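Student: Here's a structure for you.
The values are calculated or read from the model by the stated rules, or taken from the named source; none is laboratory data. For clarity, every value in this text was computed on a predicted model and none was experimentally measured. Neighbour counts are summed over all protein chains in view; Cβ atoms, including those assigned to glycine, are modelled from backbone coordinates with ideal geometry.
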Amino acid sequence: MGPQSNRTKGSLEVTSQNAPSQRRFPRQRPDSGPAIDTPGLAARKAAARLLAAVIDARTPLDGLTDNEHGHPQYMALDMRDRALVRAILATALRHRVTIGSLISRRLDKPLPANATALSHILHVAAAQILFLDVPDSAAVDLAVTHAKSDPRTIRFSGLVNAVLRALARAKDSELAKTLAETDDAPEWFRTRLIEAYGGDEARFILSAHRLEAPVDITVKSDPEVWAKRLGGMVLPTGSVRLEKLTMPVTELPGFNDGAWWIQDTAASLPARLLGDIRNLRVADLCAAPGGKTAQLILAGANVTAVDTSKSRLARLTQNLQRLGLSADVVQADLLKFEPKELFDAVLLDAPCSSTGTVRRHPDVPWSKTPDDIVKLADLQRRLLAKALALTKPGGTVVFSNCSLDPLEGEDLLDRVLAQTPSAHLDRILPSEVDGIAPFVTERGTLRTTPAGLVLDRASWSGLDGFFAARLRKT
């Protein structure tokens with residue numbers, strides 16, 4: 001840093017070369033009594049609190065922002081502010097490394113290790129300044145007010161003001177370069193992707209993670225008709241893709257009529273790998289929220305949908321009712337599930353680390369750890385062994401999950417096949433399902449990544465990361 005610096009109220013410094021323009025940002029008054037009803041402050045406080053829950057406590061973001069059972073600070077907001085909080089959090093997590101790098105350049109020394117509340121205030125404001133359509137002055141002022149309202153950060157309010165004003169001035173000259181230099185992923189996650197896919201493919205995946213995922217729907221019939229009605233396109237796999245939603249899902253044509261449901265195109269593939277299942281008894285294990293169950297029913301199977309969660313099964317039942325479909329719904333611990341007779345085929349979309357869904361869930365790399373992957377891989381191994389035990393001799397099991405990690409996919413498959421003489425790999429053929437040829441491996445398994453399905457525009461491209469394998473019980 002330069003030889004001169006301006007000392008703030010806190011113990012950290014901001015270099016004078018980054019001093020902000022006084023004309024763009026009015027000087028903050030020294031009062032420490034922010035109005036309780038400052039417009040927008042509650043949303044920013046909620047965003048910082050939820051960011052802390054993800055980063056410090058590794059709490060999944062979905063639960064925190066659930067509109068029925070979410071975090072109390074989130075639930076206290078109106079729907080417009082909730083949407084703002086979700087946008088801030090998604091952005092702050094998608095670009096966390098880039099934001100951290102740009103903030104650190106404004107400091108003479110790193111933030112104290114215990115200054116997590118201060119860090120979250122800065123990241124929430126920086127996400128707005130760098131990536132969202134929020135006036136810089138509003139983002140800065142609210143962050144300073146937030147800092148003054150918290151005893152842990154009040155002495156750093158001057159630093160917050162100076163850092164963010166300097167950041168706003170520097171974004172045009174530094175943001176693009178910093179994005180090119182960073183991967184926006186924790187080191188453990190980046191390392192595992194490189195080990196699994198190589199450096200180039202890992203960079204493509206991480207680049208895709210910076211983009212908000214498009215919306216895919218599975219239609220009962222006539223995808224071309226629904227693509228036209230909804231302003232989307234038909235993908236090679238038959239799903240209909242919308243670049244973004246312009247209204248709530250429930251208000252889109254066809255929703256109330258049960259003509260379609262939301263389902264990433266990668267998630268729609270495993271059920272189709274079972275082949276002709278007309279009039280067969282098929283179990284959908286770990287079935288909620290029911291997208292794959294609906295596919296199996298429409299394919300003509302007699303479906304038993306099994307899940308351990310009562311609330312998730314209630315959602316599955318509601319979804320099937322909207323779609324005008326029915327299945328035998330069973331709440332059970334899958335490892336203890338004992339049906340009266342075995343099934344002709346079983347689909348197991350197993351609980352996993354969800355590292356293939358980072359475009360939709362940018363908290364995943366920050367809320368999961370390598371230890372989580374090890375534990376989930378062991379659970380999946382036991383669930384797959386159970387799925388095989390529930391299948392008739394000669395029957396088919398399709399195993400899938402939305403993880404990018406080989407420990408939950410290719411490596412797990414090797415372990416199960418080595419331990420299960422009564423099962424063998426039934427190779428998936430590139431021609432058996434429309435659009436899957438690019439994703440079928442030499443071994444005959446299925447592997448998709450967010451870097452796949454490259455279309456005309458980046459905003460239209462990509463799909464969730466999935467692994468799938470088909471086994472035959474002998």
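Student: Just the residues that are among the aliphatic types (A, V, I, L, M) and either free of Cβ contacts under 8 Å to residues at least 40 places away in the same chain or part of a strand (DSSP E or B) (or both), please, taken from segment 230-279.
Tutor: Of everything in segment 230-279, those that are among the aliphatic types (A, V, I, L, M) and either free of Cβ contacts under 8 Å to residues at least 40 places away in the same chain or part of a strand (DSSP E or B) (or both) turn out to be Leu230, Met233, Val234, Val240, Leu242, Leu245, Met247, Val249, Leu252, Ile262.
Student: Under the condition of being more than 24 Å from the chain's Cα centre (by Cα) and of a type in the set (Ser, Thr, Tyr), which residue from segment 434-474 is surrounded by the most Cβ atoms within 10 Å (Cβ to Cβ)?
Tutor: Per the stated criteria, the residue is Thr441.
Student: For segment 112-133, which residues satisfy the criterion of being assigned to a loop (DSSP other than H, G, I, E, B) and either surrounded by 18 or more Cβ atoms within 10 Å (Cβ to Cβ) or of a type in the set (Asp, Glu) (or both)?
Tutor: Of everything in segment 112-133, those that are assigned to a loop (DSSP other than H, G, I, E, B) and either surrounded by 18 or more Cβ atoms within 10 Å (Cβ to Cβ) or of a type in the set (Asp, Glu) (or both) turn out to be Ala115, Asp133.
Residue-by-condition table, conditions (1) of a type in the set (A, V, I, L, M, F, W, C); (2) surrounded by fewer than 20 Cβ atoms within 10 Å (Cβ to Cβ); (3) at pLDDT 95 or above:
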{"site": "Ile217", "(1), (2), (3)": "yes, no, yes"}
{"site": "Ala227", "(1), (2), (3)": "yes, yes, yes"}
{"site": "Met233", "(1), (2), (3)": "yes, yes, yes"}
{"site": "Thr237", "(1), (2), (3)": "no, no, yes"}
{"site": "Val240", "(1), (2), (3)": "yes, no, yes"}
{"site": "Glu243", "(1), (2), (3)": "no, yes, no"}
{"site": "Arg278", "(1), (2), (3)": "no, yes, yes"}
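Student: Here's another thing I want to ask about it. Search segment 175-214 for residues being free of Cβ contacts under 8 Å to residues at least 40 places away in the same chain and surrounded by 14 or more Cβ atoms within 10 Å (Cβ to Cβ), and hand back the single one that is farthest from Thr98 (Cα to Cα).
Tutor: Ile194
Student: Whether any residue in segment 135-143 is more than 14 Å from Leu89 (Cα to Cα) and assigned to a loop (DSSP other than H, G, I, E, B) is what I want to check.
Tutor: Within segment 135-143, one or more residues are more than 14 Å from Leu89 (Cα to Cα) and assigned to a loop (DSSP other than H, G, I, E, B).
Student: For residues that are part of a helix (DSSP H, G or I), aliphatic (A, V, I, L, M) and out of contact with any strand residue (DSSP E or B) (no Cβ under 7 Å at 6 or more places or on another chain), tally how many sit in segment 387-415.
Tutor: Here the count works out to 3.
Student: Shifting gears a bit: (1) under 19 Å from Asp363 (Cα atoms); (2) in contact (Cβ under 8 Å) with a residue 40 or more places away in the chain: which one isn't true of Ala138, the others all being true?
Tutor: With (1) under 19 Å from Asp363 (Cα atoms); (2) in contact (Cβ under 8 Å) with a residue 40 or more places away in the chain applied to Ala138, the lone miss is (1).
Student: Check segment 138-160 and report whether any residue there is surrounded by fewer than 20 Cβ atoms within 10 Å (Cβ to Cβ), among the hydroxyl-bearing types (Ser, Thr, Tyr) and outside the structural domain of Ser353 (by TED's automatic domain parsing).
Tutor: yes
Student: All but one of (1) touching a residue at least 60 places away in the same chain (Cβ under 8 Å); (2) outside any loop (DSSP other than H, G, I, E, B); (3) surrounded by 16 or more Cβ atoms within 10 Å (Cβ to Cβ) hold for Arg381; which doesn't?
Tutor: Every condition holds for Arg381 apart from (1).
Student: Another question about this same structure. Show the residue pairs that are 6+ apart or on different chains and have beta-carbon atoms under 9 Å apart, the first residue being within segment 434-449 and farther than 14 Å from Gly465 by Cβ and in a loop (DSSP other than H, G, I, E, B), the second being of a type in the set (D, E, K, R) and at pLDDT 95 or above.
Tutor: Asp434/Arg272; Ile436/Arg272; Arg443/Glu410; Arg443/Arg427; Gly444/Asp426; Gly444/Arg427; Gly444/Arg470
Student: Now for a different question. Identify, from the list Thr98, Thr91, the residue that is of a type outside the set (A, V, I, L, M) and within 17 Å of the chain's Cα centre (by Cα).
Tutor: Thr91
Student: Kindly provide the set of residues from segment 387-405 that are of a type outside the set (A, V, I, L, M, F, W, C) and crowded, with 16+ Cβ neighbours inside 10 Å, ordered by number.
Tutor: Thr391, Gly395, Thr396, Ser400, Asn401, Ser403, Asp405
Student: Name the single residue that is surrounded by the most Cβ atoms within 10 Å (Cβ to Cβ) among those in segment 327-355 being free of Cβ contacts under 8 Å to residues at least 60 places away in the same chain and within 19 Å of Asp276 (Cα to Cα).
Tutor: Checked segment 327-355; the qualifying residue surrounded by the most Cβ atoms within 10 Å (Cβ to Cβ) is Ala327.
Student: List every residue pair whose Cβ atoms sit under 6 Å apart, with the two residues 6 or more apart in sequence or on different chains, where the first one lies in segment 77-106 and is without any contact (Cβ under 8 Å) to a residue 60 or more places away in the chain and the second, anywhere, is aromatic (Phe, Trp, Tyr).
Tutor: Correct list of pairs: Thr91/Phe131.
Student: Here's a check for you: in segment 336-348, which residue that is part of a strand (DSSP E or B) and touching a Gly at 6+ places or on another chain (Cβ under 9 Å) is nearest to Leu413 (Cα to Cα)?
Tutor: Going through the qualifying residues, I end up with Val346.
Student: For Arg94, indicate whether it is under 24 Å from Arg210 (Cα atoms), in contact with a strand residue (DSSP E or B) (Cβ under 6 Å, 6 or more places away or on another chain) and of a type outside the set (A, V, I, L, M).
Tutor: no
Student: So, in segment 168-181, of the ones that are more than 28 Å from the chain's Cα centre (by Cα) and either of a type outside the set (Gly, Ala, Ser) or not assigned by TED's automatic domain parsing to the domain that holds Ala90 (or both), which residue ends up nearest to Pro39 (Cα to Cα)?
Tutor: Arg169
Student: Need the failing condition index for Asp426 against (1) surrounded by 15 or more Cβ atoms within 10 Å (Cβ to Cβ); (2) under 27 Å from the mean Cα position of the chain (by Cα), just the number.
Tutor: All conditions are met except number (2).
Student: Next question, about the same structure. Looking at the structure I just gave you, is Leu347 within 24 Å of Val219 (Cα to Cα) and either touching a Lys or Arg at 6+ places or on another chain (Cβ under 8 Å) or not assigned by TED's automatic domain parsing to the domain that holds Thr448 (or both)?
Tutor: The answer is yes for Leu347.
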